[in-house]
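Working notes for the structure below.
The values are calculated or read from the model by the stated rules, or taken from the named source; none is laboratory data. Everything quoted here is computed from the prediction, not taken from an experiment. When we count neighbours, we look across all protein chains shown, and the Cβ atoms used for this are built from the backbone with ideal geometry, even at glycine.
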Amino acid sequence: MGLVEKPGLLQSASAKISDADLIGRKFVVHDPESLPYSRTLPENYQTATIEYWYDVTPPKNVRGHPYVWCSHDGKRTHWKGYVMKTEDGVLFLLGHDCGSDLYGLDFNLVARDFNQMRDRQGYVLQVVETLALFPTFLGELRSAVEHPGIQKIESMRNALGRSMPHLHHQLVTALRRADGQLFLTRRVRDYAAERRRADRHGAEDEELNRARSTMTLTRWKDLRDDLRYARADDKGELYKFEEVPAGYVRGGAFLIVKPSPQEALIDYQKELQSIYHELNDQSCRRSTAYYRLQFPKLRDALRGIEHSLRSLKAAALFGEEQHLQGLARWASQEAECQGQYRVEGNRLIWERSRQDIMIEMPTDIDLPELPSIKNLLSAAGENDGTLGESGDQSLDHSSRSEFRMPIL
Ligand SMILES: [Zn+2]
């Protein structure tokens, strides 16, 4: 049985239903047998469309869960399937794998249509909810960009880069390469290398002694002198360079944000404005595929903003006196930082021969709140596990690099 034998009988349910109608359409029933359905296949079952989907599959380890009636099989045989409806309104039940038994391959197309409508309904609802929340959120974001806390962090970053370029460069390097871990390069005695050398000399001496019986004394003395000569430069203590861990930069994410904490927020703002503009544009009907791409972008941008603000909160730790003192001690010993550093209160000072250079670090940094971001994220399908995404793992270590501002 196929398309050729029964042209146009099995109906495609989509028949160009509008998005507005789609919103009210019900696709799933939880108790199909509660509907007034025909226990046998109705006469004109070929005119049917899919009305609902049901899936009463029990959780694993639950035994004896009853099956649902199948009008095709004439008994209870499935946990999931379809409620069908003929063109004169008669309902009947069809197990999920009985559709193609009954209708042939046509059924797969009809089922696909039905599922596409279900998908689209999900997106259309998301668009409606998202658009309702967007204007408020964009307003919050606009004030966040101009927030004094963000400005403070921005100036601390600029001051370090401008006034203490060597220290700044070393911090940025440590943050990028080693998650903020600092090292000092030390020259240390290499005892292992000295031991290896002694072993090597011992072996050479033994070989020289063994060779004594095989040659003239003159020849042997020449060999011995060659060996002494070769060792003349290879004695004394051996040293190596070692990187010694020297603590961590705390709250330093604001130093490596590209292009800068404020600029990063502005970039997110632009991206969100453009997403809003497109979603709000009623002049054309967007495809489901478009929504499938657009919503993850929206969620990523929102999570990116949340993550940015969380990592900027840590910037207050950077200016804490104890932390600054640690940094100053390290920087004074690290040759690349070029000089002596000290701390007075919340001021970091680079000692220069002419005049000390001083930066005052903000100690309390108040950051903007975005009260509606959670709602917008949830409207945009944040907890929608069906899309095969990683979900809310924004703090997961492995995904750090995907964010513009790592947490330190
Ligand atoms: Zn069946």
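So, in region 226-240, exactly how many residues are surrounded by 10 or more Cβ atoms within 10 Å (Cβ to Cβ), under 19 Å from R189 (Cβ atoms) and not hydroxyl-bearing (S, T, Y)? Walk me through how you get there before you give the answer.
Here is the first cut: in region 226-240, the ones surrounded by 10 or more Cβ atoms within 10 Å (Cβ to Cβ) are 226-227, 230-231, 234-235, 238-240.
Of the ones still in play, those that are also under 19 Å from R189 (Cβ atoms) are 234-235, 238-240.
With not hydroxyl-bearing (S, T, Y) added as a condition, the list becomes 234-235, 238, 240.
Qualifying residue count, region 226-240: 4.
Just checking: which of the strands (runs of 3 or more DSSP E) contained wholly in region 39-110 hold 1 or more residues that are more than 13 Å from the ligand (Cβ to nearest atom) and either within 25 Å of R25 (Cβ to Cβ) or of a type in the set (S, T, N, Q) (or both)? Full working, then the answer.
Values: elements: 49-55, 68-70, 75-78, 80-85, 91-95.
Because the criterion is at least 1 residues that are more than 13 Å from the ligand (Cβ to nearest atom) and either within 25 Å of R25 (Cβ to Cβ) or of a type in the set (S, T, N, Q) (or both), the strands (runs of 3 or more DSSP E) in region 39-110 that meet it are 49-55, 80-85, 91-95.
Sort out which residues of region 345-362 are closer than 22 Å to F254 by Cβ and either surrounded by 14 or more Cβ atoms within 10 Å (Cβ to Cβ) or touching a strand residue (DSSP E or B) at 6+ places or on another chain (Cβ under 6 Å) (or both), and write them in order of number. Give the steps one after another, and end with the answer.
Step one: filter region 345-362 for residues closer than 22 Å to F254 by Cβ, giving 345-350, 357-362.
Passing the criteria: N346, R347, L348, I349, W350, I357, M358, I359, E360, M361, P362.
So which residues in region 170-185 are of a type outside the set (A, V, I, L, M, F, W, C) and either touching a residue at least 60 places away in the same chain (Cβ under 8 Å) or surrounded by 15 or more Cβ atoms within 10 Å (Cβ to Cβ) (or both), if there are any at all?
Taking region 170-185 first, the residues of a type outside the set (A, V, I, L, M, F, W, C) are 170, 173, 176-177, 179-181, 185.
Answer for region 170-185, where residues must be of a type outside the set (A, V, I, L, M, F, W, C) and either touching a residue at least 60 places away in the same chain (Cβ under 8 Å) or surrounded by 15 or more Cβ atoms within 10 Å (Cβ to Cβ) (or both): Q170, R176, D179, G180, Q181, T185.
Condition check ((1) surrounded by 13 or more Cβ atoms within 10 Å (Cβ to Cβ); (2) part of a helix (DSSP H, G or I)) across all residues:
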{"site": "E140", "(1), (2)": "yes, yes"}
{"site": "H168", "(1), (2)": "yes, yes"}
{"site": "R187", "(1), (2)": "no, no"}
{"site": "E194", "(1), (2)": "yes, yes"}
{"site": "D205", "(1), (2)": "no, yes"}
{"site": "A211", "(1), (2)": "yes, yes"}
{"site": "R224", "(1), (2)": "yes, yes"}
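Just need a number here: residues in region 246-259 that are at pLDDT 90 or above and exposed (fewer than 15 other Cβ atoms within 10 Å of the Cβ).
Residues flagged as at pLDDT 90 or above and exposed (fewer than 15 other Cβ atoms within 10 Å of the Cβ) within region 246-259 amount to 1.
Taking A314, is it of a type in the set (A, V, I, L, M, F, W, C) and buried (at least 17 other Cβ atoms within 10 Å of the Cβ)?
So A314 passes the test.
What is the residue count in region 243-285 for residues that are without any contact (Cβ under 8 Å) to a residue 60 or more places away in the chain and part of a loop (DSSP other than H, G, I, E, B)?
The total comes to 5.
I need the full set of residues from region 179-234 which are within 30 Å of C337 (Cα to Cα), out of contact with any helix residue (DSSP H, G or I) (no Cβ under 9 Å at 6 or more places or on another chain) and among the β-branched types (V, I, T), in order please.
Within region 179-234, just V188 meets the criteria.
If E51 satisfies every condition in (1) in contact with an Asp or Glu (Cβ under 9 Å, 6 or more places away or on another chain); (2) touching a residue at least 40 places away in the same chain (Cβ under 8 Å) but one, which is the exception?
Looking at each condition in turn, E51 falls short on (1).
Filter region 305-362 down to residues that are in a loop (DSSP other than H, G, I, E, B), within 37 Å of the chain's Cα centre (by Cα) and either touching a residue at least 60 places away in the same chain (Cβ under 8 Å) or not assigned by TED's automatic domain parsing to the domain that holds L255 (or both), then give me how many there are.
Applying the first criterion (in a loop (DSSP other than H, G, I, E, B)) to region 305-362 yields 314, 319-320, 334, 338-339, 345-346, 352-356, 361-362.
If we keep only those that are within 37 Å of the chain's Cα centre (by Cα) too, we end up with 314, 319-320, 334, 346, 361-362.
Checking which are either touching a residue at least 60 places away in the same chain (Cβ under 8 Å) or not assigned by TED's automatic domain parsing to the domain that holds L255 (or both) leaves us with 314, 319-320, 334, 361-362.
So the answer is 6.
When you go through A132, A111 one by one, which is the residue that is in the same structural domain as E382 (by TED's automatic domain parsing) and either out of contact with any Gly (no Cβ under 8 Å at 6 or more places or on another chain) or surrounded by fewer than 19 Cβ atoms within 10 Å (Cβ to Cβ) (or both)?
On the way: A111 fails: in the same structural domain as E382 (by TED's automatic domain parsing).
Testing whether each residue is in the same structural domain as E382 (by TED's automatic domain parsing) and either out of contact with any Gly (no Cβ under 8 Å at 6 or more places or on another chain) or surrounded by fewer than 19 Cβ atoms within 10 Å (Cβ to Cβ) (or both) leaves just A132.
If you scan region 47-84, which residues turn out to be in contact with a Lys or Arg (Cβ under 9 Å, 6 or more places away or on another chain), closer than 14 Å to S100 by Cα and surrounded by fewer than 19 Cβ atoms within 10 Å (Cβ to Cβ)?
Across region 47-84, the qualifying residue is only T49.
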